[in-house]
Amino acid sequence: MGQRTVSVPKSISKTAQKGTSNESFSLKLSIFSTEIGWCGLMGNSEGVERLLMGHHSAADVRQAANQVCKENHDESIKMFEESNWFPDLSERLQDYYQGAVVEFQDVKVSLPHMTKFQTRVIRELKKIGYGKQITYGELASKAGAPRAARAVGTVMSTNRIPIIIPCHRVVASGGKLGGFSSPQGTSLKQHLLTLESEAIQ
């Protein structure tokens, strides 16, 4: 597949910035179809909170979003409003899943209640570019904790914003895939890595 690069907007879209009077107490949910199944973006003017991906239907995305709100212990997040939130990012994700070379480093994310170690891991992970891979141990070293490969794996397994925070690019040593939290499991991780590899050839 030939390389196709998508232009990158500099900031969160106007749709996400408008909000409502109770925006700080809710999340927006945008549901859209992609090559890998139905996806949902959750967030508000503070940034993207979740990317729900690889579901069989829009109804499944809504169910997953309801579960997110039910399990969330942050009192500022109690509900979501379904809308065409952040359409620019939805389109970029659709392009990405179709094999376009798209980077997401510019996307504003909201990751409250993270430890210093988790913050360092995520910061270093976001530097891993399209088509690149890194092992859990290598990422641990970059985060300043070379013996914390297993802890890095835990951070990856709890990543709420895959693709935008590219945990699929973190693999185990010896060429093994490692884990991947999605409805399609590691088969989707392999698909994404293959997609990126073919796009940059």
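The values are calculated or read from the model by the stated rules, or taken from the named source; none is laboratory data. Bear in mind the structure is a predicted one, so any value in this text is a computation, not a measurement. Note: ideal-geometry Cβ built from the backbone for every residue, glycine included; neighbour counts use all protein chains shown. With ligands, DNA and RNA removed, areas are computed over all heavy atoms of the protein, side chains included. Shrake-Rupley method; radii C 1.70, N 1.55, O 1.52, S 1.80 Å.
Some points to look at:
- Residue satisfying all of: in segment 81-102; touching a strand residue (DSSP E or B) at 6+ places or on another chain (Cβ under 9 Å) and open to solvent by 50 Å² or more (accessible area, probe 1.4 Å); modelled with the lowest pLDDT among these: 81
- Residue within segment 13-26 that is surrounded by 13 or more Cβ atoms within 10 Å (Cβ to Cβ) and either at pLDDT 95 or above or in contact with a helix residue (DSSP H, G or I) (Cβ under 8 Å, 6 or more places away or on another chain) (or both) present: yes
- Number of positions in segment 155-178 that are under 16 Å from the mean Cα position of the chain (by Cα) and surrounded by 15 or more Cβ atoms within 10 Å (Cβ to Cβ): 14
- Qualifying residue in segment 105-116 (condition: among the acidic types (Asp, Glu) and outside any loop (DSSP other than H, G, I, E, B)): no
- For segment 128-138, the criterion of being in contact with a helix residue (DSSP H, G or I) (Cβ under 8 Å, 6 or more places away or on another chain), farther than 25 Å from residue 191 by Cα and surrounded by fewer than 19 Cβ atoms within 10 Å (Cβ to Cβ) is met by none of the residues.
- Candidates 184, 201, filtered to the one that is open to solvent by 50 Å² or more (accessible area, probe 1.4 Å) and in contact with a Gly (Cβ under 6 Å, 6 or more places away or on another chain): 184
- Pairs with Cβ under 8 Å, 6+ apart, first in segment 144-157 and in the same structural domain as residue 176 (by the TED database), second in a loop (DSSP other than H, G, I, E, B) and loosely packed, with under 12 Cβ neighbours inside 10 Å: none
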